[in-house]
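Down below is the structure, laid out as structure tokens.
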Amino acid sequence: MKPPFGVVDADGHINEPEARLLECLEPPYCHQLHPSLSSHDGTVYPTNALAPKLTAGFDPTLGGRLGSNGPVGFPTPDDWLQAMDEGGLEMTVLYPTTLLGYSAIVDPDYLVALTRAYNTYVYEDWLQVSPRFRAVALMPLLDVEESVKELRRAVTDLGFSGAFFPAVGFGLLGEKRLHPLYAEAERLGCLIAVHGGHATAEYMRYTRFIQRHTIGFPVSNIMQMTHMTYEGVFELFPHAHQAKALVTVKSH
């Protein structure tokens with residue numbers, strides 16, 4: 001039953017397909033895909049050299065019951081539209097799935113190429129399908145100057161609603177080096193969404209994946225919002241609310 005008020009899914013995930021990302025990657029990286037992406041059957045955390053670093057010895061599939069995004073190609077735009085119709089949703093804001101951990105990439109040039117490829121893919125395969133799809137763009141945060149350029153391209157040329165910053169992997173988000181990016185977001189009137197992750201829970205030595213998953217997401221977001229607040233990010237960019245810019249926090 002459709003509720004009597006508008007509902008927006010502010011944290012809708014897609015499964016970014018390997019083949020499409022390769023098609024969107026620009027030279028010289030068009031034949032090189034980061035190994036943390038899903039395997040051909042849609043399984044997240046495939047067996048590769050990077051997997052132990054990402055999982056830290058945990059089994060995120062919970063004995064094979066979880067950790068898969070469904071059959072190849074799932075979810076399609078039609079799958080998502082059907083889900084929104086069934087759930088009474090007006091729209092969803094799209095996020096990546098395996099690329100939530102894209103901060104593990106240490107090559108700054110490749111990071112720029114891959115984030116551009118993902119943003120192009122989302123524009124071509126999702127944003128052009130229906131106005132009910134909104135999206136936040138990946139930013140190559142190792143290079144703030146390139147991030148400013150990509151934010152401008154994503155919002156102005158591709159129609160993204162803003163950018164996604166992972167809560168772990170790129171340092172604290174109140175750092176002065178990121179001020180030009182916040183200034184550009186304010187100028188564009190777009191949102192910046194901070195999505196939680198696992199790394200902050202590593203030192204607590206949890207013995208089960210579900211424990212680490214439960215504590216890591218809210219704690220990593222709290223740490224970032226604390227740093228951004230006390231470093232004065234919101235005071236330094238006081239016109240953000242007038243430009244309808246918004247910082248949101250996503251925690252599973």
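Mind checking the dipole of the stretch 103-243: about its Cα centre, +1 per Lys or Arg Cβ, -1 per Asp or Glu Cβ, Debye to the nearest 20? Before the final figure, lay out the partial values.
Working: 12 positive and 15 negative charges, 96 e Å.
I would put it at about 460 debye.
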Quiz item: If you rank Glu175, Glu146 by fewest surrounding Cβ atoms within 10 Å, what's the result?
Solution: Glu175, Glu146
Self-check item: Cut-off 15 Å between beta-carbons: net charge of the residues surrounding Leu21, Lys and Arg +1, Asp and Glu -1
Solution: -4
Practice problem: Could you line up Leu158, Leu100 from fewest to most neighbouring Cβ atoms inside 10 Å? | Solution: Leu158, Leu100
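Sort Arg134, Arg208 so the one with the fewest other Cβ atoms within 10 Å of its own Cβ comes first. Could the numbers behind the result be given before it?
Details: Arg134 20, Arg208 11.
By the 10 Å Cβ count, ascending: Arg208, Arg134.
The numbers here are math on the coordinates, done by the rules we state, and not lab data. Quick caveat, the model's predicted, so the values are computed rather than measured. All Cβ positions, glycine included, derive from the backbone under ideal geometry; neighbour counts span all protein chains shown.
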